[in-house]
Amino acid sequence: MPRHNERKYRIVAAFQRRLNAVMRRLPTQTLLETTGRTSGLPRRTPLGGRRVGDSFWLVSEFGERSQYVRNIKADPRVRVRLRGRWHNGVAHLLPDDDPVARLRGLPRVNSAGVRVMGAGLLTVRVDLTD
C-alpha cells in the first residue's frame with residue numbers, strides 16, 4: 001500500500017473506532033454482524049449500503065484490510081440489521097465489480113465518505129436468506 005494510503009488508513013481507522021462505538025448503539029443504524037475469525041465472537045460494524053431485492057450491497061473503504069472483510073473471508077455467514085430488523089445472509093466479496101460505479105447506486109452521504117476516506121475499495125454483496 002502506498003505511503004499516503006497507509007497514513008490515510010491509520011487516521012481513518014482510529015477515527016472510526018471511536019465513531020463506530022457510538023453508531024452501533026443507534027437503533028436504526030445499519031449493522032453488519034460477522035463472526036470474529038480469531039475469537040469466534042460476533043463483531044458488529046456500522047456501515048452504509050442498500051438492499052436490492054434479496055441482496056444487500058455495500059462497498060468496503062479499505063477492501064481486504066477491513067476487519068469485517070477478513071472475517072467474511074474466514075466465514076461468509078453474516079447478519080445484517082436493516083431498519084431495526086436482523087436478516088441472515090451469506091456475504092460475497094466481488095473484486096471484479098467496479099466499486100466506484102457501485103457507490104453511485106448506494107446512499108449518497110455514506111458513498112461520499114467512502115470515496116473520500118477509502119483506498120482499495122471492494123464491493124460486497126450479501127445474499128439475504130430470510
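The values are calculated or read from the model by the stated rules, or taken from the named source; none is laboratory data. Keep in mind that this is a model prediction, so the values were computed, not measured. In this analysis, Cβ positions are derived from the backbone assuming ideal geometry, glycine residues included, and neighbour counts consider all displayed protein chains. Heads up: the accessible areas ignore ligands, DNA and RNA and are worked out on the full protein's heavy atoms, side chains in. Shrake-Rupley method; radii C 1.70, N 1.55, O 1.52, S 1.80 Å.
Tabulated data for the structure shown
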read-out	value
Filtered residue count, region 46-66, keeping only those that are farther than 18 Å from Trp86 by Cβ and acidic (Asp, Glu)	2
Val116 open to solvent by 60 Å² or more (accessible area, probe 1.4 Å) and closer than 27 Å to Glu6 by Cα	yes
Tally, over region 1-34, of residues that are in a loop (DSSP other than H, G, I, E, B), modelled with pLDDT of 80 or more and touching a Phe, Trp or Tyr at 6+ places or on another chain (Cβ under 9 Å)	1
Whichever residue in region 81-91 is in contact with a strand residue (DSSP E or B) (Cβ under 6 Å, 6 or more places away or on another chain) and open to solvent by 60 Å² or more (accessible area, probe 1.4 Å) and, among such residues, is farthest from Asp130 (Cα to Cα)	Trp86
When residues of region 91-110 are limited to those that are basic (Lys, Arg) and assigned to a helix (DSSP H, G or I), the one nearest to the chain's Cα centre (by Cα)	Arg102
Any chance Val78 is touching a helix residue (DSSP H, G or I) at 6+ places or on another chain (Cβ under 6 Å), among the aliphatic types (A, V, I, L, M) and buried (at least 21 other Cβ atoms within 10 Å of the Cβ)	no
Pairs with Cβ under 8 Å, 6+ apart, first in region 116-130 and touching a residue at least 40 places away in the same chain (Cβ under 8 Å) and assigned to a loop (DSSP other than H, G, I, E, B), second polar (S, T, N, Q) and open to solvent by 60 Å² or more (accessible area, probe 1.4 Å)	Thr129/Asn88; Asp130/Asn88
Criterion (farther than 23 Å from Arg7 by Cβ, open to solvent by 50 Å² or more (accessible area, probe 1.4 Å) and of a type in the set (Val, Ile, Thr)) met by exactly one of Val109, Val126	Val109
Residues of region 35-74 that turn out to be in a loop (DSSP other than H, G, I, E, B) and open to solvent by less than 30 Å² (accessible area, probe 1.4 Å), as a count	7
Hits in region 76-90 - residues which are part of a strand (DSSP E or B) and farther than 21 Å from Thr28 by Cα	Arg77, Val90
Residue check for Leu93: under 17 Å from Arg43 (Cβ atoms) and touching a helix residue (DSSP H, G or I) at 6+ places or on another chain (Cβ under 8 Å)	yes
